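My questions all concern the structure below.
Readers should treat all values here as calculations from the given coordinates under stated rules, not as data from a laboratory. Here the structure is a predicted model, which means the values were calculated and not measured. As a convention, Cβ positions derive from the backbone with ideal geometry for all residues, glycine included, and neighbour counts pool all protein chains shown.
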Amino acid sequence: MKLYLDTAVYEEIEQAVGWGVVDGVTTNPTLIAKAGHDHEEQVKRICQIIGNVSAECVSEKKDDMVVEGRRLASWHKNVIVKVPLTPDGLGAGKVLAGEGIRINVTLCFSVNQALLAAAIGAYIVSPFAGRLDDINEDGMRVVADIVSAYRQQEIKTKVLAASIRNPTHVTQAALAGADIATLPFAVLKQLFEHPLTAAGQKRFLEDYRQARAAVGSEKADGGARAQPEERSAYRKTEEAKPVQGQAREATAKR
Ligand code: G3P
């Protein structure tokens, strides 16, 4: 299961990209409004550092959404155009998918809706687990059922578990067989945490330093840390690397 970040805040995306654990970003009008930047400018900036960036249409009518979707897709090759699971949204998505634009159908809450998204050739369908939990339904059950229906029907549309609210949701999405889960930055950070990891790391470093001190090493870390010239050589090679993009995503399991 690939991990995407559910945010439009550049600094969060930049940090997560540095950790090497995310393959994409999902934005929506609420997240763009919260980030407080111009939509086009922000999406283009995000596309500079990561592939698979969902940008959502805000038009309501099919024809307007087609025009808007084409514009969003023209911003950068990494853009995936998000359309809502409405008759107009799917109608527009079908036209755009026919033009080779990758479509993410958002606001999906049932297996039947997911079948409609697959019918238009969507690249991704986004069931909102947390919002189903909010109304006393089992969001992850719906995600698992969509995965199961897609497998039985040999549907290639990727299932992206959205509206993730906590680390348990992430585990459940992976066990349900979701292709992707999109996480708020706070939830992504929580995935790293385990008290035994922190305690174990502290102990390893203390043992190492003590052993070095016992053999009389002048440097507390035994000279293992990167030296300034090594750091600058590393930064240069990192800056020269291309941004990950569609080619990498194409190797996903479906
Ligand atoms: O990816 C969809 C997500 O942004 C919705 O999350 O927490 O607002 O239900 P939430």
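As a test of the formula, what do you get for the chain when each DSSP H run with n ≥ 4 contributes -39,500 (n - 2.57) and the sum is divided by the residue count, at 222 nm and rounded to the nearest 500 deg cm²/dmol?
My calculation for the chain gives -16000 deg cm²/dmol from helical runs alone.
Now for a different question. How long, wide and thick is the range 53-115, going by the Cα atoms along their three principal axes, in whole angstroms, largest first?
Cα spread of the range 53-115 along its principal axes, largest to smallest: 31, 22, 20 Å.
Next up: Taking every eigenvalue of the Cα gyration tensor of the chain, multiplying by 5 and rooting it, what semi-axes result, largest first, whole Å?
Equivalent ellipsoid semi-axes, largest first: 39, 22, 15 Å.
Apply 1/(1 + (r/R0)^6) to the Cβ-Cβ distance of E60 and R151, taking R0 = 25 Å, and write down the FRET efficiency to the nearest 0.05.
Calculated value: 0.15.
How much net charge surrounds C57 when only the other residues with a Cβ under 12 Å from the Cβ of C57 are counted, with Lys and Arg +1 and Asp and Glu -1?
-1
Ranked highest first by the average count of other Cβ atoms within 10 Å around their residues, in what order do 157-163, 83-89, 106-112, 134-140 fall?
Packing order, densest peptide first, comes out as 157-163, 83-89, 106-112, 134-140.
Taking a virtual spin label 7 Å from the Cα of H37 along the C-beta vector, which residues in the range 3-22 bring their backbone nitrogen under 16 Å of it?
5-18
Right, next: For the pair E14/A186, report the inter-label distance in nm, with labels modelled 7 Å from Cα in the Cβ direction.
Distance between label points: 2.3 nm.
At q = 0.10, 0.15, 0.24 Å⁻¹, work out log10 I(q)/I(0) for the range 2-88 with the Debye formula, treating every Cα as an identical point scatterer and leaving solvent out; two decimals please.
For the range 2-88 at q = 0.10, 0.15, 0.24 Å⁻¹, log10 I(q)/I(0) is -0.23, -0.51, -1.18.
Arranged from highest to lowest average of other beta-carbon atoms within 10 Å per residue, in what order do the peptides 208-214, 37-43 appear?
Ranking the peptides 208-214, 37-43 by packing returns 37-43, 208-214.
So between S217 and Q48, what do we pick up on full extension, going 0.36 nm a residue minus the alpha carbon distance?
Once the chain is fully extended between S217 and Q48, it gains 56.4 nm.
Could you give the length gained by full extension between A119 and Q210, i.e. 0.36 nm per residue of separation minus their alpha carbon distance, to one decimal place?
26.4 nm
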